């Protein structure tokens, strides 16, 4: 859905814009507000994991024995990224590309040495037979796995800055999806079936509660789940000794870049929502000197800091820890942030699938150079449309994940809806005071907007095709009126 929509409507609003255009203002706000929740969590989650990876090299940063130090460093990283974005120092695309390329090579090497020298298929089968997750655990894992696809929203956000996005976006998105699936499945199976090496230079065997532990359980405990790849790499034969030195540093750099994407992305979403009168105009204000959306950056960085405080509170305060254990099964840290992210992502993705179906029906004239397969040709409102079967299946799948999130994540089912309700109340008050339609949508000239989108993105051939489609549609309507 994201691939087709981002290629057809390459604008900075991403999923929020697709929902706004397909379903109207109020649903566009809800989807955008859910995406904003995810971007603020990205800031905190990736900054938290960045420090976790660094703790593999600097043990004093470990969250379990040193919670205050860990919290302060994460807080400083978030504030530093916010300041850099206000000043306007942008990350280098070339640097990001080099680091990402090194990461792919590194992760591939870990998988190669791990599968070739330490993987035991019998151990994998035994682990799956003896430790198969319960239905509750499976639903919990599926709902958290949605975090892996955070890049799809980021790609759609960058579509407006991409020349010829109708060709570039599909290739990039499909490559991202395939890469995520390959690495996620490979690392999961490696962790379940790998025998840690022993011998000269090997790290200490995995231990939990004073006893030897399976590697997969050791990777998933509260001390290691924020740096699992770095810990896994250290147990890979031969290559592990080298990987233990640089994987934590490389991982922390990538995570810091991802955290910065959350700062940048949240301000961009807020700016886009403000420009379509879904948020107050002050979110569009730019700094007089640096010409950056400072209000949006500071506002949503503050939200990220609040999320950090709630995530770290149980490790900082015994009373808070007791409350979390009583009402939320002790979820804190990465688990706390993952709960919130799963809710926001499942909510926004569900609306995107509905928007895909709506736009296929109500905007069939926009050229779609990339179109998801398996469509049913229909006639709707006098136009030939293609009803997307995959869109319906995708909505059912993502809707199921949203249900799983509400069932399995105590924090997600409380804090997530609370975030949406508070935002919706603010939206209704803002629209009422501005004299804008509250439950209905304001007037939008989507045809002119689409022409401008295609022109600025360099898709001149598609723009000409769109103009011809509009003319042909008008001609058919005129003929129908005459008959």
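Okay, here's what the table says:
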{"quantity": "Residue check, residue 372 modelled with pLDDT under 95, outside any strand (DSSP E or B) and within 18 Å of residue 4 (Cα to Cα)", "calculated": "yes"}
{"quantity": "Only listed residue being in the same structural domain as residue 88 (by TED's automatic domain parsing), surrounded by fewer than 23 Cβ atoms within 10 Å (Cβ to Cβ) and within 24 Å of residue 259 (Cβ to Cβ), chosen from 287, 319", "calculated": "287"}
{"quantity": "Test result for residue 230, in contact (Cβ under 8 Å) with a residue 12 or more places away in the chain, surrounded by fewer than 18 Cβ atoms within 10 Å (Cβ to Cβ) and out of contact with any strand residue (DSSP E or B) (no Cβ under 6 Å at 6 or more places or on another chain)", "calculated": "no"}
{"quantity": "Test: residue 195 is in contact (Cβ under 8 Å) with a residue 24 or more places away in the chain, farther than 27 Å from residue 372 by Cα and over 18 Å from the mean Cα position of the chain (by Cα)", "calculated": "yes"}
{"quantity": "Options 83, 75: the member that is under 22 Å from residue 284 (Cα atoms), out of contact with any helix residue (DSSP H, G or I) (no Cβ under 6 Å at 6 or more places or on another chain) and assigned to a helix (DSSP H, G or I)", "calculated": "83"}
{"quantity": "Search result, residues across the range 385-409 that are crowded, with 16+ Cβ neighbours inside 10 Å and in a strand (DSSP E or B)", "calculated": "385, 386, 388"}
{"quantity": "Subset of the range 127-163 (residues that are in a loop (DSSP other than H, G, I, E, B) and either touching a strand residue (DSSP E or B) at 6+ places or on another chain (Cβ under 8 Å) or modelled with pLDDT of 85 or more (or both))", "calculated": "131, 132, 133, 134"}
{"quantity": "Filter result for residue 76 (at negative phi and surrounded by 13 or more Cβ atoms within 10 Å (Cβ to Cβ))", "calculated": "no"}
{"quantity": "Tally of residues being surrounded by 16 or more Cβ atoms within 10 Å (Cβ to Cβ) and under 19 Å from residue 479 (Cβ atoms) across the range 371-384", "calculated": "1"}
{"quantity": "Residue 242 vs. criteria modelled with pLDDT of 85 or more, buried (at least 19 other Cβ atoms within 10 Å of the Cβ) and in the same structural domain as residue 53 (by TED's automatic domain parsing)", "calculated": "no"}
{"quantity": "Count - residues of the range 285-299 that are more than 23 Å from the chain's Cα centre (by Cα) and either without any contact (Cβ under 8 Å) to a residue 24 or more places away in the chain or under 12 Å from residue 266 (Cα atoms) (or both)", "calculated": "4"}
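Listed here are the residues, each with its yes/no results for (1) at pLDDT 90 or above; (2) assigned to a loop (DSSP other than H, G, I, E, B); (3) buried (at least 22 other Cβ atoms within 10 Å of the Cβ); (4) out of contact with any strand residue (DSSP E or B) (no Cβ under 7 Å at 6 or more places or on another chain).
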residue: 298; (1), (2), (3), (4): yes, no, no, yes
residue: 305; (1), (2), (3), (4): yes, no, no, yes
residue: 311; (1), (2), (3), (4): no, no, yes, yes
residue: 330; (1), (2), (3), (4): no, yes, no, yes
residue: 347; (1), (2), (3), (4): yes, no, yes, yes
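The values are calculated or read from the model by the stated rules, or taken from the named source; none is laboratory data. Because the structure is a prediction, the values reported are computed rather than measured. With ideal geometry, Cβ positions are generated from the backbone for all residues, glycine too; neighbour counts draw on all protein chains shown.
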